[in-house]
1. With respect to GLN272, is the statement that it is in a loop (DSSP other than H, G, I, E, B), polar (S, T, N, Q) and surrounded by fewer than 21 Cβ atoms within 10 Å (Cβ to Cβ) true?
2. Pull up the stretch 230-250, narrow it to residues that are in contact with a strand residue (DSSP E or B) (Cβ under 8 Å, 6 or more places away or on another chain), part of a loop (DSSP other than H, G, I, E, B) and aliphatic (A, V, I, L, M), then point me to the one that is farthest from ligand 2 (Cβ to nearest atom).
3. Which residues, taken from the stretch 317-334, are over 16 Å from ASP90 (Cβ atoms) and out of contact with any strand residue (DSSP E or B) (no Cβ under 8 Å at 6 or more places or on another chain)?
4. Quick one: which of GLY38, GLY32, GLY73 is more than 16 Å from ligand 2 (Cβ to nearest atom), in a loop (DSSP other than H, G, I, E, B) and assigned by TED's automatic domain parsing to the domain that holds VAL10?
5. List the residue pairs whose Cβ atoms are under 8 Å apart, where the first residue sits in the stretch 200-222 and is of a type in the set (Lys, Arg), the second is in a helix (DSSP H, G or I), and the two are 6 or more positions apart or on different chains.
6. At least 3 residues that are on the phi > 0 side of the Ramachandran plot in each: list the strands (runs of 3 or more DSSP E) lying fully within the stretch 352-402 that qualify.
7. Is it the case that THR91 is in contact (Cβ under 8 Å) with a residue 60 or more places away in the chain and either outside the structural domain of PHE328 (by TED's automatic domain parsing) or within 25 Å of LYS297 (Cα to Cα) (or both)?
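The values are calculated or read from the model by the stated rules, or taken from the named source; none is laboratory data. On a predicted model such as this, the values are computed, not experimentally measured, just so you know. Cβ coordinates were reconstructed from backbone atoms using ideal geometry, including for glycine residues, and neighbour counts include every protein chain displayed.
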Amino acid sequence: MKIVDAKVIVCCPGRNFVTLKLLTEDGIYGLGDATLNGRELAVAAYLNEHILPLLIGRDARRIEDTWHYLYKGAYWRRGPVTMSAIAAVDTALWDLKAKSLGVPLYQLLGGASRESVLVYGHAAGTDLDDTVRAVAHYAELGYKAIRAQSGIPGLAGTYGVGRGGTHYEPAEKGAPPENRWSTEHYLNFVPQMFSRLRKEFGPSIHLLHDAHHRLTPIEAARLGKELEPYHLFWLEDPTPAELQERFRTIRQHTTTPLAVGEVFNSIYDCQQLIEEQLIDYIRTSVVHAGGITHLRKIASLAEMYQVRTGAHGATDLSPVCMAAALHFDISVHNFGIQEYMPQTEETDKVFPHSYSFENGLMYPGDAPGLGVDIDESLAAQHPYQRAYLPINRKLDGTMHDW
Ligand code: GCO
Ligand code: MG
């Protein structure tokens, strides 16, 4: 099963996506997502200039060997650009292998460990009343787990607050949008928000919150402690995680479960967090953490320490990644939850897929491989448009995490 052709498809059906398509001599093709939000063309160039020439003529069945060939062979290891490029190749090879055997991918990953995949959606409002309405809307749509974000009194525009409806897209065309930040305003507001949400929606709905790396460990400890009465499913990215031992401080002070890892790209980024049980959920994704091959290794390490998976699944992860995530989620023993944000109609048309959502749960479907395709002529009608994620400044203008 030799690879005879490989191409990178960059398109913007509402937002930018980078997709790798590998074709074999048998006429079967596989797809992999390579989208790195705001830095898309770097991965496209890495693939085009440095990886594709190495793939032609290789045996598509040798997934593990190809992973190490690209990882060890590059000498320069890790990093989001390299790991997203390797992820795309790895995902496309798993897709190809499952298609060639005529089975949905999860059958090759050990088969289904559960009947469905629990997902959480994003409810966001400009103020507290608006956020209550947004959570109610998601509950009506059947979601059993809802992430709640809200505009903060005294701050104009906060990251994580959508633009209405169920569509949420942080990247913007043109220069990066600038938000203003005050930790004091934020810490005073968030416990009030969850107190209100529990009163309105009762104890059984799962509520989540993303702090988006904006706190110090001791601030995060305070927030986690104050949120304890509201029993969050998780508090996400309370503090930047470059220094993994920072989480010891948070952990000593609070029983609020912690989720971290959407920006990680290798097992080494979360090794200490997992081995010291400093987190409860690991959020690494197929596209940014080296593909299905590497993500399974992270999940296996996590399983030993009772850490569950909770993969990143925002709209900048394409339907190709979503499909791969669902095959991973349904098969891996220590699955926790999957993030899910519906894509725009144009995106769903460019990427027809067999996965489905029903009543707060998702299913990968039984089509061979990933069960997702790309309509290349439609993709060509949506050319790349440069876009950036926002930046965040404190009230005095200092750059801050966002
Ligand atoms: C999430 C994330 C996203 C990311 C975005 C970056 O939890 O879904 O924090 O909002 O910021 O996907 O590309
Ligand atoms: Mg997040």
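1. Values: in a loop (DSSP other than H, G, I, E, B): no; polar (S, T, N, Q): yes; surrounded by fewer than 21 Cβ atoms within 10 Å (Cβ to Cβ): yes.
No, not satisfied.
2. LEU232
3. Of everything in the stretch 317-334, just one residue is over 16 Å from ASP90 (Cβ atoms) and out of contact with any strand residue (DSSP E or B) (no Cβ under 8 Å at 6 or more places or on another chain), namely HIS333.
4. Answer to the check: GLY73.
5. These pairs meet every condition: ARG214/THR183; ARG214/TYR186; ARG222/LEU187; ARG222/HIS253.
6. On the way: elements: 356-358, 361-363, 391-394.
Result: empty, no element qualifies.
7. Values: in contact (Cβ under 8 Å) with a residue 60 or more places away in the chain: yes; either outside the structural domain of PHE328 (by TED's automatic domain parsing) or within 25 Å of LYS297 (Cα to Cα) (or both): yes.
Taking the combined requirement at face value, the residue satisfies it.
Table: residues versus (1) surrounded by fewer than 21 Cβ atoms within 10 Å (Cβ to Cβ); (2) within 15 Å of ligand 2 (Cβ to nearest atom).
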site: ARG198; (1), (2): yes, no
site: PRO217; (1), (2): yes, no
site: GLU228; (1), (2): yes, no
site: GLY261; (1), (2): no, yes
site: HIS288; (1), (2): no, yes
site: THR293; (1), (2): no, no
site: ARG296; (1), (2): yes, no
